[in-house]
Each structure stands twice: as structure tokens, then as C-alpha cells.
Amino acid sequence: MAIWRRQPKGKVLLHSDQGCQFTSHDWQDFLATNNFTVSMNRRGNCYDNAVVESFFQLLKRERIKRRVYITREDAQADIFNYIEMFYNPIRRHGYNNGLSPVQFEKQFSVRQIRV
């Protein structure tokens with residue numbers, strides 16, 4: 001979905017751990033086909049994924065643990081809504097100087113144009 005929505009022009013860096021789902025030939029072929037450069041953390045280095053781990057901790061605490069989902073589709077729709085309608089455009093992040101991810105990205109893009 002991210003590829004379809006953003007349609008990146010150049011290489012995209014994708015960072016993951018060394019789980020079997022990320023080292024499979026099918027996944028590696030998908031990444032190569034879509035112009036991704038792969039970055040993997042070292043074995044046993046949990047700090048490489050600290051940002052992602054923080055996101056999932058927030059997702060669980062702020063959304064998932066507060067709800068009961070009857071179907072998988074209900075869960076997917078609710079989690080999508082949380083990410084796309086709240087987390088990315090509205091939720092402020094201390095690391096981004098109090099900006100939401102969307103605001104931070106827009107600010108970054110404006111700076112890139114000025115340079």
C-alpha cells in the first residue's frame with residue numbers, strides 16, 4: 001500500500017530484523033522488484049528496532065488493549081483507522097519536536113525544496 005500511495009521515484013531504504021519472513025526469497029524478490037534497499041540489524045541487537053518497538057507498544061496500549069474485536073476484518077479496519085486517521089496526522093511525537101509524523105514530513109519536504 002505504501003508503494004501505491006507514495007510511488008517513490010528513487011531507492012527506498014527498508015530496515016528490518018533478521019526474521020525468516022524478512023529473509024525469505026519471496027520477500028527479497030518483492031523488495032528488489034520495487035526498488036528497495038534492504039537494511040537488517042545485527043543478531044541480538046534489539047536497539048536497532050527501538051522506534052518500531054515503541055510504535056507497536058503505543059498501538060497496543062492506546063488502541064488494541066482497549067477494544068474487543070469480533071472479526072479479523074474489524075481489527076484491521078480499526079488499526080488502519082488508528083494509524084491513518086490519528087497516529088500519523090494528529091498524534092504529537094516528542095522526538096519530532098511535538099509534531100505529528102505528517103507535519104514533520106511536510107516540514108522536512110519544505111526544507112529540502114529550499115536547499
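The values are calculated or read from the model by the stated rules, or taken from the named source; none is laboratory data. In this text, all values refer to a predicted model and were calculated from it rather than measured experimentally. Cβ: placed from backbone, ideal geometry, glycine included. Neighbour counts: every protein chain shown.
Okay, here's what the table says:
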quantity	calculated
The range 83-115, subset of a type in the set (Val, Ile, Thr) and more than 17 Å from the chain's Cα centre (by Cα), residue surrounded by the fewest Cβ atoms within 10 Å (Cβ to Cβ)	115
Positions within the range 59-82 being without any contact (Cβ under 8 Å) to a residue 24 or more places away in the chain, among the hydrophobic types (A, V, I, L, M, F, W, C) and either in a strand (DSSP E or B) or surrounded by 10 or more Cβ atoms within 10 Å (Cβ to Cβ) (or both), in sequence order	64, 75, 77, 79, 80
Enumeration of residues in the range 102-114 that are modelled with pLDDT of 90 or more and not hydrophobic (A, V, I, L, M, F, W, C)	103
Pick from the range 24-50, criterion β-branched (Val, Ile, Thr) and surrounded by 12 or more Cβ atoms within 10 Å (Cβ to Cβ), ranking: modelled with the lowest pLDDT	38
